[in-house]
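Here is the structure we will look at, set down as structure tokens.
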Amino acid sequence: MYLQIDELIRFVEANFDIIFKIAIFPGIAFIFGFLIFAVWYERKFLARLMVRMGPVHAGKVMGWLQLIADAIKLITKEFIVPRFTLRSLFFLLPILLPVIPAAMVVLIPFGPGFILYNAMGNGLILFLALSTIYPVLNMLTGWVSNNKFTIIGAFRTIYLDVAAEIPLILSIIGVVIMAGTYDLVGIVEAQSNMWFIIPQILGFIVFFIGYLGMTERVPMDFPVAEVELVFGIKTEYSGPLYLLLMEADYVNWLAWSLLMVVLYLGGYNGPNILGNPVYSGIFWTLFKLLIVLTIVLIIKIGYARLRVDQAVRMGWKYLIPLAVINLVLTILIKYILNIYQ
Amino acid sequence: MGIARVEEVEELKDGLMRVSIGPQHPISGQGRILVVTDGETVYDIEIDIGYSHRGIEKILENRIYIHGIVPLERMVMLDTSPITMCYVRALEELYGVEAPPRAQYIRTIILEMNRIISHTYALGLFAESAAWNPAIFLWTTADREPFLDLLEMLTGARWSYSFIVPGGVRADLPQGFKEAAFEAIKFFRERLDVYVDSWIDNYLFEVRTRNVGVIPRDKAIEWGAAGPSLRASGVEYDTRKHDPYAAYEELDFKIITDTSGDSYARGGVRVKEMYVSLDIIEQALENIPDGPIKRSLPQRAPPGEAYARVETARGEIGMYVVSDGKDKPYRVKISPASFRNIFLIEMLPKIEELRFADVPVIFYSLDPWFLDADR
């Protein structure tokens, strides 16, 4: 039996668009490439803010080879499984975890008409539905490790979910009312005149804090609080399995940052600077993504970490009322606009 | 499991666990903190010291007086000169001599520079304990560099100076030291303002440290808190003022205190003390008298005993030296400040409700140094 090359080539030519999207952008290569870029960017950018150089020795230009060296180190390390763990889940969960945020990335429109799967106009619903699975798997990861630090980290993941996710979803409803659709492409198109960050500024504040919680970033990164929990739910993982968990973390960050770009920062809307609307749409999406990542990193340098009780109190005492106020205001504005139209 | 039980551990109630922070943990240092917790609320804290006991007191008995200074410095590498100052002060009492005035002023300059170096390190770690955010730690580490350079210029070493000796100091101020010191002070004062702006006044940092680990005034005295931990609880006590040594009697400075006694106050007291230290260095440099810097002493101390105390960055250290007329001390007893400060955290769960995330914050607000406590 041999591979029929002609048929394969014909198949690829016929479906080049979809294969490119799955394999290269915004599919597998982009998601793994993002891990490499984000780790490098985080290292170098934080190093600048901390008055140090960051990695410089491996690779002459900006220490780029250091990432490859780290990846080789992590991949070739031994699998260490602690005693009394659920071995099957211990191996399965790190493989499962990056898939959820990767599926969330797939729903994001990068340019006009450039979207891998639009979920029949329900992209936002599917995105939020997938995002609810992630903290549960995270919690399980901590629980199967059979370690005191990971157990505390697992509890904290759930506390964080309670504190951050409900106000976050309440704030997103404001955007849905403004745009009148659950379709992420429709939401981006509705922002062609004005980004939703301006009319939805209250909702954006709530969304941003909830976003920091959902991505476990400072000041809401207590599930991985090194000073008390060593490394939270990931304490017992090392080598390739840890690499997968790290990948899950970064892809989750990517998915939520892209959602912020799409919901509030106008998505792919922007001047057509590359001649082709699709290419410049992709450029603007990635450019806005970079700005969001940079802001998160600056917050990481400048702020302390909240305690669990403080985060939950903030979520329920301030963020939810703020989100509800935003919702009421949005409905009122929408109603008044409808009267005068 | 084939592993021998080293210690008998009492059974815990249902739902509680004993979490061992250290000796291999990002924050623990050379010791261990045992925390009984249900995951968030802390019910009991136990400090386990002794991982780095080196028997410095015994080592001193086997060395002639002046050789004892070098092992003594290993107690706190960051804060070496106050410790040697304490030993030298006890020896000078034993010999019945006093160092010349110029040596006293040079001692004051080194002591205060050491205090600044130690406080910057303590504050960096304190910032890290509220978030794993090494920015402040790295900034403080970079900004103490001018003082390290100055000390290298003066003593020849960046860390362990062995500069203060019985009868005076080893060397005089080098050329250009004064100008360089004034420049460093000006630079550091600006940097301190930056820290206060960006970090001490930071809302989230205040949220994390305010009303956390409150030590009331009476408890601070009862439990024997020392140094900034004592002064943050409203007790106006500073050995530099109450039992002056070096040139502190002739210099004008005030004791920094705070009334709230929480972790934030302890950090704040350290920051304000650095401003005071800068003032002291400036005054000492301006008013330094001319004259000899050292008087020679015989190798054998007269028989007798002496007790001396000195304010280190972590609080008051006490040393008791007994001589039987030989060239080596008969016995030296050291009472370090960290030994008293570290154990304050054990008492706190008994009087207030602590969260698990508060443990590192309180621990580093006390400026712990296990090597100091272990001796």
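Coordinate-derived values only; no laboratory data. What you are looking at is a predicted structure, and each value in this text was computed from that prediction instead of being measured. A quick note on method: Cβ atoms are made from the backbone with ideal geometry, for glycine too, and the neighbour counts reach across all protein chains shown.
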Discussion item. Between B:Tyr275 and B:Ile255, what is 0.36 nm times their sequence separation minus the Cα-Cα distance? Round to one decimal in nm.
Written reply: 6.1 nm
Worksheet, complete the sentence: If one builds a Gaussian network model of chain A from Cα atoms under 10 Å apart, the most fluctuating residue listed among A:Leu184, A:Leu74, A:Leu170 is A:Leu74
Worksheet, complete the sentence: Of all trypsin sites (Lys or Arg not before Pro) in region B:224-313, the ones in DSSP coil with at most 11 other Cβ atoms within 10 Å are B:Lys254
Discussion item. Just to confirm a number: summing +1 for Lys and Arg and -1 for Asp and Glu over residues other than A:Leu243 whose beta-carbon lies under 15 angstrom from that of A:Leu243, what do you get?
Written reply: -2
Practice prompt. Could you pull out the chymotrypsin sites (Phe, Trp or Tyr not before Pro) across region A:70-145 that fall in loop regions by DSSP (anything but H, G, I, E, B) with no more than 12 other Cβ atoms inside 10 Å?
Written response: A:Phe79, A:Phe84
Fill in: Using a Förster distance of 25 Å, the FRET efficiency for A:Trp64-A:Ile291 (Cβ separation, nearest 0.05)
0.65
Practice prompt. Would you tally the net charge around B:Asp358, using a Cβ to Cβ cut-off of less than 11 Å, leaving B:Asp358 out, and scoring K and R as +1, D and E as -1?
Written response: -3
Discussion item. With a 10 Å cut-off between alpha carbons and a GNM built on chain A, which of A:Gly111, A:Gly213, A:Gly302 moves the most?
Written reply: A:Gly302
Response to the item:
Summing -39500 (n - 2.57) over every DSSP H run of at least 4 in chain B, dividing by its residue total and rounding to the nearest 500, the 222 nm mean residue ellipticity is -13500 deg cm²/dmol
Response to the item:
Simple spin-label estimate for B:Asn287/A:Arg10, 7 Å along Cα→Cβ, in nm, reads 9.9 nm
Practice prompt. Can you put B:Ile47, A:Ile233 in order of Cβ neighbours within 10 angstrom, beginning with the fewest?
Written response: B:Ile47, A:Ile233
Worksheet, complete the sentence: If each part is reduced to its alpha-carbon centroid, region A:277-309 and region B:336-375 end up apart, in Å, by 37 Å
Worksheet item: Cα centroid distance between region B:109-183 and region B:226-250, in Å?
Response: 20 Å
Worksheet item: Just B:Phe363, B:Phe205, B:Phe147 to compare: in a GNM of chain B, with alpha carbon springs under 10 Å, which one fluctuates most?
Response: B:Phe205
Worksheet entry | Of A:Lys44/A:Lys300; A:Lys148/A:Lys317; B:Lys186/B:Lys272, pairs whose Cα-Cα distance is over 20 Å | A:Lys148/A:Lys317
Discussion item. Can you compute the FRET efficiency between B:Ser52 and B:Met17 using 1/(1 + (r/R0)^6), with r the Cβ-Cβ distance and R0 = 41 Å? Round to the nearest 0.05.
Written reply: 0.95
Worksheet item: Peptide B:199-208: average number of partner chain Cβ atoms within 10 Å per residue?
Response: 4
Worksheet item: What fraction, in whole percent, of alpha-carbon pairs in the protein assembly as shown exceed 45 Å separation?
Response: 35 percent
Item to complete: Estimate the FRET efficiency between B:Tyr330 and B:Asp197 by the formula 1/(1 + (r/R0)^6), using the beta-carbon distance for r and 51 Å for R0, to the nearest 0.05.
Response: 0.45
Worksheet item: Given the convex hull of the Cα atoms of chain B, what is a quarter of its surface area in nm²?
Response: 19.8 nm²
